1. Once you put a point 7 Å from the Cα of Val205 and another 7 Å from the Cα of Asp83, both along the Cβ direction, what distance in nm separates them?
2. Viscosity 0.890 mPa s, temperature 25 °C: what is the translational diffusion coefficient of the range 142-224 from Stokes-Einstein with a Kirkwood Rh over Cα pairs, rounded to a whole number of µm²/s?
3. Based on C-alpha coordinates, I'd like the Rg and Dmax of the range 170-297, in Å.
4. Putting +1 on Lys and Arg Cβ atoms and -1 on Asp and Glu Cβ atoms, find which of Leu184, Gly282, Thr95 reaches farthest to the positive end of the dipole of the chain.
5. Using a cut-off of 15 Å between beta-carbons, work out the net charge of the residues near Ala286 (Lys and Arg +1, Asp and Glu -1, Ala286 not included).
6. Write out the chymotrypsin sites (Phe, Trp or Tyr not before Pro) in the range 173-248 meeting two conditions: DSSP loop, and at most 15 other Cβ atoms within 10 Å of their Cβ.
7. Give the calculated FRET efficiency between Glu303 and Ala234 to the nearest 0.05, with a Förster radius of 45 Å applied to their Cβ-Cβ distance.
8. Residue by residue, what Karplus-based ³J(HN,Hα) values in Hz, rounded to whole numbers, does the range 276-285 have, using 6.51, -1.76 and 1.60 with θ = phi - 60° and x for Gly and Pro?
Amino acid sequence: MLHAEVFPEVIRRARRINVGEGHLLYIEERGAADGLPVLFLHGGPGSGCSSAQRQLFEGLRYRVIFVDQRGAGASLPQGDLLDNTTQHLIADLETIREVLGIERWVVFGGSWGCVLGLAYAQCCPERVLGLVLRGIFLGSREEIAEYVRGFLAWEGAQALGAAGLSWVDFVHCILFGETEQALLGARAWLDYEAHLMGEAPLAAVPDARQWAKVRIQMHYLSQDCFLAPGRLLAGVPTIRHLPGVIVQGGQDPVCPPQHAQTLHRAWPEAVWMPVAEGGHGGLTPAIRQATLAGLAWIAEVAEAMR
C-alpha cells in the first residue's frame, strides 16, 4: 500500500516557461526546495506528466521537476507540431535548467523519456549528475517498425477503422485532419497501447489531450524521432563517466528487453537492473521498486559529486 505522506504529493510550484517559437512549457516542482534536483522526462512522445508519477520519488530527498514537453500535457499550444523536434526539446531542457537556477541534475526517464534523456545527456554531459532509465527505447527505425507492425496487424485496429491503411497513409490521416477517420485511427492507436499494457480501451473518442498525444507521436515516429541512425548508441562514450541505472522489464511488450541489453553492452558501467516478470508500466510494483532503488543509488553518488 502506498502512503501518500511518503511521496512529494504537494506541488511546491507550478508555472509555464516560455521557451521560444510560441511554446509555453508547463512544469511542476515537487519535493524539497534544497533537495537533489531530478529532471523527470515523460514517455510518449506527447504523453505529458501525471500526478501519479510522484510515486517514483520517495520523501523530501529530491527536488523533482516534471516537464510537459512541447505540445504535450498542459503545455501550450496543445498538440502543436511546429518547431517541435528532439533538438528543440533538448534546448528547452537547458532553458528550464537555467531559469530554475540548477547547475546539474539527475535525469530520470522512461520509454520515450529514455530517448530524450540520452540525447540531452550526450549534448550536455556537464549538466548531468546521473541517469535513471526505465523501459529502454532508443528511437531506432527497427524499434518503430516493430511496434508499427504489431499495430497494423492488431485486430482492434481493424475494428476501429484503421484497416487497409498503410503506415504512411495512417500517419498522414492523423497529422493532416480531424476527420472522423482520423479520430477513429487515433482511438485505435491509443487502444493498442492500452491493450499492450493490459488496460481497458477508451470509452469514447479521444479527448483534446489524447488527440494531441497521438499527433505528436505520429510526428516523431514518422521522422525516426529526429535522430540520425544509431546516434544514441554512438554517443554513449560521452556519458560513460556518469553514473547510470538501466531498469528493464523482462516481459515489456512496448520496449522489448533486447534493446535495453544493446544499450547495456554499449554502456557496461551502468548498473543493470532487469526485472524478470516486469512489463512496461513504470508504476507497477516491481518496476517501481527497481526504479526507487536505482534512484536512491544514483542519489548517493550524485550527492557526493555536488
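1. So the label points at Val205 and Asp83 sit 3.1 nm apart.
2. Working: Rh = 12.6 Å.
D, rounded to a whole number, is 195 µm²/s.
3. Just the Cα atoms of the range 170-297 yield Rg and Dmax of 17.6, 51 Å.
4. Thr95
5. Working: positive: Arg134, Arg288; negative: Asp252, Glu277.
Overall, the nearby charge balance is 0.
6. Details: sites: Phe176, Trp189, Tyr192, Trp211, Tyr220, Phe226; in loops: Phe176.
Taking the range 173-248 and a limit of 15 other Cβ atoms within 10 Å, the loop chymotrypsin sites (Phe, Trp or Tyr not before Pro) found are Phe176.
7. Working: r = 31 Å, r/R0 = 0.68.
Step by step, r from the Cβ atoms, then E = 0.90.
8. 3, 9, x, x, 9, x, x, 9, 5, x
Only the coordinates and a few stated rules stand behind these numbers; no lab work does. Note that the structure is a prediction, hence the values are computed from the model and not measured. FYI the Cβ positions are ideal-geometry reconstructions off the backbone, even for glycines, and counts take in every protein chain you see.
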